[in-house]
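Engineer: Mind looking over this structure? Questions follow.
Every number here is computed from the coordinates shown, using simple stated rules; none is lab data. The model shown is predicted, which means the values in this text are computed figures rather than measured ones. Ideal geometry is used to build each Cβ from the backbone, glycine not excepted, and the neighbour counts take in all protein chains shown.
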Amino acid sequence: MKRILKITSIILLTLIILAFGAFYIWSRFTYSPSQELKEQVSLEQVQHTNGVYTFEAQKRNAGIILYPGAKVEPLAYSYIGNALMKKGYSVFIPDMPFSFAIFNTDKAQDIIKDHPAIKHWYIGGHSLGGTAAAMYAEKNQNKLDGLFFLASYPASDELKQTSFQVLSISGEKDGLATQEKINQSKNKLPSQTIYHEIKGGNHAQFGMYGKQKGDQPADIPAITQQKEIIQTMLDWLKPSKKLP
């Protein structure tokens, strides 16, 4: 009997190790910044400290934390980070364990702690990154001025009664965070949530990393979608608090 239990334990442990190894290898195949993005932003000059890519504005009194989508490299959102920085917002895009924000939803805690001069904080993310950001927001509402979703939605309705500002930007041609899913999630968000649909936009173009499996082709160029994301965020940010 003991021999059978020992053999069973060894088999189970071996299966767990193999499963983890397969997941780790799979997680390393990430979506990296596109050539088009590299032509728009000098990625080599982006500050990278303590596992966070930082686009730091001079005034430094409003911060935006952006959690990347699953298996998407943080620098793929550099166009957004760079543009918002130029408008006076410091933007922080963190690395995540195995490139999945869901494995470290509290990463924002470290970022906020490391930047005490910033008094107004906004958190959000793309796809699964937005869901992870919402999990952090649920537990830290008093630390935040707002929450934004980029082709994303919350996993629970814990934020339904929140008083801070919420923004949801979606893409008409999104094959992953479809309009149906966005509409179904509305009952999980507060009544003051602002919704914006980008006509012709898809899932992958919320970053700049090329095509993504399961997505639909966009009807508009990536840079056009990026500019609409940025302008929508700026329109939402300006009236919500005392900003730069």
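Engineer: Going by how many other beta carbons lie within 10 Å of each one, how would you line up Trp236, Trp121, fewest first?
Structural biologist: So the ranking, lowest neighbour count to highest, is Trp236, Trp121.
Engineer: Helix by helix through the chain, keep the DSSP H runs that span 15 Å or more along the axis on Cα and average at least -0.5 on Kyte-Doolittle, and give those back in order.
Structural biologist: Answer set is 2-27, 128-139, 222-240.
Engineer: Give me the three principal axis extents of the stretch 139-189 from the C-alpha atoms, as integers in angstrom, largest value leading.
Structural biologist: Projected onto the principal axes, the Cα atoms of the stretch 139-189 cover 35, 16, 14 Å.
Engineer: Let me ask something else. Using amide H atoms built in the peptide plane, which far-off residues or other-chain residues are under 5 Å from Val166 H to H?
Structural biologist: Placed amide hydrogens put Leu147, Ile194 under 5 Å from Val166.
Engineer: Which residue, Ile230, Val52, His203, has the largest displacement toward the positive end of the dipole of the chain when charges sit on each Cβ (Lys, Arg +1; Asp, Glu -1)?
Structural biologist: Checked the options; the winner is Val52.
Engineer: So what are the ³J(HN,Hα) numbers for the stretch 58-63, from phi and the Karplus equation (6.51, -1.76, 1.60; θ = phi - 60°), rounded to whole Hz, Gly and Pro as x?
Structural biologist: So the Karplus estimates, Gly and Pro as x, are 5, 6, 6, 10, 9, x Hz.
Engineer: Quote to one decimal, in nm, the extra length available between Asn183 and Lys143 on full extension: 0.36 nm per residue of separation minus the C-alpha distance between them.
Structural biologist: 11.6 nm
Engineer: Let me ask something else about it. Please give the charge dipole size of the stretch 51-239, origin at the Cα centre, charges +1 on K and R Cβ atoms and -1 on D and E Cβ atoms. Round to the nearest 20 debye.
Structural biologist: The calculated dipole for the stretch 51-239 is roughly 300 debye.
Engineer: Also: For an R0 of 25 angstrom, estimate the FRET efficiency from the Cβ-Cβ distance between Glu39 and Glu172 and round to the nearest 0.05.
Structural biologist: With a Förster radius of 25 Å, E is 0.45.
Engineer: Turning to a different aspect of this structure: Regarding the stretch 159-244, what whole-number volume in Å³ per residue does the convex hull of its Cα atoms give?
Structural biologist: Once divided by residue count, the hull of the stretch 159-244 is 101 Å³.
Engineer: So what is log10(I(q)/I(0)) for the chain at q = 0.13, 0.15 1/Å, when the Debye sum runs over its Cα atoms only?
Structural biologist: -0.75, -0.99
Engineer: Here's another thing I want to ask about it. Per residue, how big is the convex hull of the stretch 41-125 when only Cα atoms are used? Give it in Å³.
Structural biologist: Dividing the Cα hull volume of the stretch 41-125 by its residues yields 84 Å³.
Engineer: Residues in the stretch 57-89, backbone N under 14 Å from the label point at His48 (7 Å along the Cα-to-beta-carbon vector): list them, ranges by number please.
Structural biologist: 73-78
Engineer: How big is the shadow of the Cα convex hull of the stretch 105-201, averaged over all directions, in nm²?
Structural biologist: Taking a quarter of the hull surface, the average projection is 6.0 nm².
Engineer: On to the next question. Separation between the Gln161 and Lys113 pseudo-spin-labels, each 7 Å from Cα along Cα→Cβ, expressed in nm?
Structural biologist: 2.9 nm
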